[in-house]
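These notes are about the structure you will find just below.
The values are calculated or read from the model by the stated rules, or taken from the named source; none is laboratory data. All values derive from a computational prediction rather than experimental measurement. Here Cβ is always computed from backbone atoms with ideal geometry, including for glycine, and neighbour counts include all displayed protein chains.
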Amino acid sequence: MDVPGGRIRDIGLALVLEGRYASSAEALDLGSADVKLLDLSGELVVLDWVYDPTLEHISSLVREAARGRGREELSRFAFRLALSVLERVGFGPLTRPSLLRLGFRDVCSDLDLNDGTAVRIAQGEGRIVRAHLDYDGNALMVRTPTAQPDRRLEEALRAAFPETDLRRLVPASAAAAGGYQVRFPLPLSFDELQAELAMIRVGLARLLARFEPERFRAVEGVLDTFGERQTLDRLHDRASHGRTVRVSEQSAPATTVH
């Protein structure tokens with residue numbers, strides 16, 4: 001909600017810590033480990049439940065972090081919890097946006113680490129385009145500084161993402177920013193989702209090499225040395241085989257993960 005595509009530290013998957021009120025709940029983003037006030041009037045998806053001991057442990061870590069201690073331990077525990085939930089639930093329509101966000105987060109961290117989950121590319125003359133992923137719409141949104149069509153960028157997008165559906169984003173007014181939408185086929189399995197993310201990574205790298213060759217060579221050198229981030233490779237079995245697992249109705253839930 002802070003910026004299009006979200007903050008790079010957040011993953012859009014949160015553990016509810018306190019839910020006494022009908023309109024809002026206190027929740028911990030399992031990526032950034034920031035406590036936020038969750039608006040319950042919007043659309044939310046319940047993926048899984050945690051037991052009381054887990055809730056009590058993470059609540060104690062939150063209290064310690066608020067005192068300035070154990071922040072890293074909280075972040076590690078929260079992220080492990082997120083991955084375990086996604087692995088347990090498996091690939092499906094409800095988890096696909098979260099998996100896309102995790103994967104695209106790696107792409108942004110490798111190509112253009114910044115506060116937002118987006119890749120910025122300079123076209124010269126002060127023109128900067130910003131590419132972020134629409135996780136629900138399964139499309140790459142490439143925003144331009146002005147509402148005018150950018151034929152040079154359009155040609156580059158067609159070359160970087162061949163055989164995809166490229167559409168121009170028509171702004172509401174001439175004063176608003178415009179851009180383009182690169183639409184991908186809906187992934188129907190975990191493997192297809194990873195293949196789509198690989199396609200996005202390659203396409204954005206092509207754009208970077210085309211418009212900012214020196215920067216691309218620097219990024220390429222770092223990736224050759226340290227390798228690409230692949231968080232989704234840490235999810236095994238259920239997610240990789242595309243199985244969707246129901247939460248047991250016999251479990252005694254303590255709180256929800258949204």
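Just checking, does the stretch 33-47 include any residue being under 19 Å from the mean Cα position of the chain (by Cα) and among the polar types (S, T, N, Q)? So far as the stretch 33-47 goes, no, none of its residues is under 19 Å from the mean Cα position of the chain (by Cα) and among the polar types (S, T, N, Q). Within the stretch 1-39, the residues that satisfy the criterion of being loosely packed, with under 14 Cβ neighbours inside 10 Å and either under 11 Å from ALA82 (Cα atoms) or in contact with a Ser or Thr (Cβ under 7 Å, 6 or more places away or on another chain) (or both) are SER23, LEU37, ASP39. For the stretch 86-96, residues that are in contact with a helix residue (DSSP H, G or I) (Cβ under 9 Å, 6 or more places away or on another chain) and either assigned to a helix (DSSP H, G or I) or surrounded by fewer than 17 Cβ atoms within 10 Å (Cβ to Cβ) (or both) total 3.
There is at least one residue in the stretch 171-187 that is modelled with pLDDT of 85 or more and exposed (fewer than 15 other Cβ atoms within 10 Å of the Cβ). Those strands (runs of 3 or more DSSP E) of the stretch 98-180 in which at least 1 residues are touching a residue at least 40 places away in the same chain (Cβ under 8 Å) and more than 19 Å from GLU228 (Cα to Cα), considering only elements entirely within it, cover 119-124, 127-134, 139-143. Is it the case that the stretch 143-153 has a residue that's hydrophobic (A, V, I, L, M, F, W, C), surrounded by 15 or more Cβ atoms within 10 Å (Cβ to Cβ) and touching a Leu at 6+ places or on another chain (Cβ under 8 Å)? Checking the stretch 143-153: not a single residue is hydrophobic (A, V, I, L, M, F, W, C), surrounded by 15 or more Cβ atoms within 10 Å (Cβ to Cβ) and touching a Leu at 6+ places or on another chain (Cβ under 8 Å). Being assigned by TED's automatic domain parsing to the domain that holds LEU197 and among the aliphatic types (A, V, I, L, M) holds for only one residue in LEU102, LEU74, and it is LEU102. A count restricted to the stretch 28-64 and to residues that are under 24 Å from LEU102 (Cα atoms), out of contact with any Phe, Trp or Tyr (no Cβ under 7 Å at 6 or more places or on another chain) and either free of Cβ contacts under 8 Å to residues at least 24 places away in the same chain or of a type outside the set (S, T, N, Q) (or both) stands at 21. The residues on offer are LEU113, LEU61, LEU99, LEU140, and the sole one that is buried (at least 20 other Cβ atoms within 10 Å of the Cβ) and farther than 21 Å from GLU196 by Cβ is LEU61. Checked against (1) under 30 Å from GLY221 (Cβ atoms); (2) free of Cβ contacts under 8 Å to residues at least 60 places away in the same chain; (3) of a type outside the set (D, E, K, R), PRO93 passes all but condition (1). Looking only at residues of the stretch 3-27 that are of a type outside the set (A, V, I, L, M, F, W, C) and in contact (Cβ under 8 Å) with a residue 24 or more places away in the chain, we find that the one that is farthest from LEU99 (Cα to Cα) is GLY19. Evaluating ALA131 against the criteria (1) at pLDDT 95 or above; (2) surrounded by fewer than 18 Cβ atoms within 10 Å (Cβ to Cβ) leaves one unmet condition, (2).
When GLN181 is tested against (1) among the polar types (S, T, N, Q); (2) under 22 Å from VAL3 (Cβ atoms); (3) over 24 Å from the mean Cα position of the chain (by Cα), only condition (3) is not met. Of everything listed in (1) among the hydrophobic types (A, V, I, L, M, F, W, C); (2) surrounded by fewer than 17 Cβ atoms within 10 Å (Cβ to Cβ); (3) closer than 30 Å to ARG206 by Cβ, the single unmet condition for PHE104 is (2).
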